[in-house]
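Taken together, the values in this text are just the output of simple stated rules run on the coordinates, not laboratory data. The shown structure was predicted, so the numbers you read here are calculated from the model rather than taken from an experiment. Heads up, the Cβs are rebuilt from the backbone with ideal geometry, glycines too, and the neighbour counts pull from every protein chain shown.
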Amino acid sequence: MPTDKNGSPIDPVDAQIGGDGDIDGIAQTLTADDINAVLMSPQPAEQRLESLKAMRAEIEARSHADFGNDMGPLLDDIDAAIAQLSSRA
């Protein structure tokens with residue numbers, strides 16, 4: 001999951017270039033576990049909603065390269081988390 005450092009998001013990916021460890025295609029650095037971690041975090045609901053919306057924007061920005069709709073389930077998970085938090089507010 002991206003973290004902020006000096007006001008800029010940093011999205012670390014620990015992989016060597018070349019060989020079997022090389023990431024092919026688009027790097028899927030956002031997972032369902034990341035979404036659940038934000039949803040269940042002790043941060044205020046407003047801050048969690050902001051994080052989830054940022055995750056959604058990141059996935060939407062990558063959607064032009066998602067020919068197999070691999071990111072669709074992640075968008076569904078994010079939308080469900082946003083709906084769940086919004087209903088609590």
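For residue 81, indicate whether it is over 14 Å from residue 29 (Cα atoms) and surrounded by fewer than 19 Cβ atoms within 10 Å (Cβ to Cβ).
Criteria not met by residue 81.
Report every pair of residues separated by at least 6 positions or lying on different chains whose Cβ atoms are under 7 Å apart, first residue within the stretch 45-74 and over 15 Å from residue 85 (Cα atoms), second among the basic types (Lys, Arg) and part of a helix (DSSP H, G or I).
Going by the 7 Å Cβ cut-off, the qualifying pairs are 71/62.
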